[in-house]
Each structure stands twice: as structure tokens, then as C-alpha cells.
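Since every read-out is calculated from the coordinates, none of them should be taken as a lab result. Quantities reported herein were computed from a predicted structural model and do not represent experimental measurements. Here the Cβ is made from the backbone with ideal geometry for all residues, glycine too, and neighbour counts use every protein chain on show.
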Amino acid sequence: MSSNISTGAGSPFGAGLPGAPNLRGRRRPGETVIKAVLFVSAMLSVVITFGIIAALIQPVLDFFAEVAFSEFFSFDEGSRFAVLPLISATLMTTVIALLVAVPLGLGAAMYLSEYASARARKYLKPTVELLAGVPSVVYGFFAVMFVTPTLLQDLFGLKVSFLNALSAGLVLGVMIIPTIASLAEDALSAVPQALRQASLAMGANRMQTTLRVVLPAALSGVAAAIVLGLSRAIGETMIVTIAAGSQKNLSLDPREGMQTMTGFMASTAGGENPVGSTSYNTLFAVGLTLFVITLVINIISIALVRRYRQAY
């Protein structure tokens, strides 16, 4: 028995039937409200960003009215206002942290996504994410009390200062492992299963499939995870304040103590500098410099991802 009921050209089933409700253009009662809330949430981050910039501008203008650009952007370690030694120390600790966190974080993400059983993933992923819940001050004391004396000096026999960039960078890398691992694992798991099956059908083994198919397909998400971890490392305060040192030191030796930008800001905001003074305004000048550095890193990362990402 056949049916000759017509639904109308290009219309959904039943849309052309007499008396059928017209669902086109109809929205559920709360859909408009939800859309508005989501829009406000998206715009709020933009507003907050511009608010931060607006709060920094006036103190920075007051600072540069009294301090020359050449004195601020100088390599003089003895100058109270020289920022380049702070930038050097910040980049050094961040690079060390990435050398630790990127291989371990991506390795954990690939194992959880491609190799671990459902039961193992159920317990391992929350365990890895627990590292994100450890207070940064605990990481700082861990670097001072264990990493430097026990790991670096006793185990590896390195001649390091009590406060040094190497210890701070290593612990900083451990701290951002869960950030990179969790976000990268989500990106890898989102790759369609058909890509894995096609690669295996062509004769590739699981490792080749992971590295040559799954990882390139999830490149944008993996890059976002690394950039977020990078931003987290650059902006970390307590670890570098406790473990890296409090003296400006323009050195390429991570075994020495040195002060980072966030460490300098923490010490400057300690209450010894009167509000509105030049020393206090240095806090905002360094903060704006850190903001610009983070912004440039994010722009470069987005450009690289857009150029080399593989769309499927």
C-alpha cells in the first residue's frame, strides 16, 4: 500500500499538511532570554578587557611623565625602573615551564584520548586535574624546600642559588600540566572517529594515526591549550616570587636568582610605596607591558594556527 501524501517542496515532513502547525520562525519562550544572556556573557569579557586597559592608562601616563622611556626600557640592573631584566627573567621561567609542561601535557592528553581504556580515563583525568587545585603558594614552597635542595643540588649535583629561575620554571611547568593536558585531551577526543578508522585501514599503526592524523586535526584546540598554559605561566605570581628571587638580574643562567615581572609587581604592591608615587606607578607600567606581551603572543599564536591548521 502506498501513500500519496505531499509534504510540499523543500518543506519538512508534515509542514504542508492542512492544519499542521507552522514551526518556522517560532521560538521557545525562553530562547530569546537565553540568547541575550549568552550575548551579554560574551561581551562581558571584552568590556572587562577594555576596563583593565582604561584603569592602566592614567597611572602609566603619570609614570612616563617623570621617567624617560630610555630608562624604563633599559638593561640597567641597578635601575629601579628598568623593565628589560624583568622581561628576560619572565621569558626564561616561562620557557622552562613550557619545556616541562608541553611534552608531559600533550603526552598525557594523547594517552587519555587514544590509548587509555574508559575505566582508566575515568580515574586518571580527574587525578591529573587535581594538580590545578593545588594553591600556587604551595608550589612555591615546594620549589624552595624540595626541588632546589633535593632534586637539583643533591640528585643532579647542580650548583644553583637557593632562589633560582630553574627551580621556579620547573615547578611552574608542573602547575600548568593539567591545563594543557585537559584542554588538549578534549580537542583530541573531538576528532571524528572516521579519521582514525580511515588511517588504520590504510595500514598506519596507532602511533602514526595519533601523530599524523589526530593531532593535526585537533591542532587548533591543542594550540589553544598551549597558549592558555603559556598565559598562565607568564601571569603566575606566587611561585616566581617565592622561588625565583627578588633581585633584578639580566642573566641567561637559570641557576641564578632573578626577578620576574609578576614578582616585581607583587613586591611593589606591598604597601611601602605611597599611592600615586612614581614607584607605585611603576606597578601599572610593568603591568601594561605584561599585558601587551601576552596580547602579542596570543595574536602570533592565532595567526600560526590559522595558517597551518588542517580542516576536515
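Some observations on this one:
- Cβ-defined net charge surrounding Leu250, 13 Å radius [Lys, Arg +1; Asp, Glu -1]: -3
- With q set to 0.15, 0.20 Å⁻¹, the log10 of I(q)/I(0) for the stretch 56-127, from the Debye formula over equal scatterers at the Cα positions, is -0.67, -0.88.
- Net length gained if the chain between Ile53 and Phe39 were fully extended (0.36 nm per residue, minus Cα distance): 2.9 nm
- The spacing between the stretch 161-176 and the stretch 248-303, judged by their C-alpha centroids, is 17 Å.
- For the stretch 119-132, Karplus couplings with θ = phi - 60° (6.51, -1.76, 1.60), whole Hz, Gly/Pro x: 5, 5, 5, 4, 9, 6, 4, x, 5, 5, 5, 4, 4, 5
- Proximal lysines relative to Lys159, as straight alpha-carbon distance under 28 Å, when same-chain residues fewer than 8 apart are discounted: Lys248
- Each residue of the stretch 135-147 was assigned a 3J(HN,Hα) from its phi angle through the Karplus expression (A = 6.51, B = -1.76, C = 1.60, θ = phi - 60°), giving x, 5, 5, 5, 4, x, 5, 4, 5, 6, 8, 10, 5 Hz with x at Gly and Pro.
- For the chain, diffusion coefficient by Stokes-Einstein and Kirkwood Rh (Cα), 10 °C, 1.306 mPa s, µm²/s: 68
- Shape summary of the stretch 86-225, radius of gyration then Dmax from alpha carbon positions: 17.9, 55 Å.
- Along each principal axis, taking the top coordinate minus the bottom one, the Cα set of the stretch 131-193 gives 50, 23, 16 Å in descending order.
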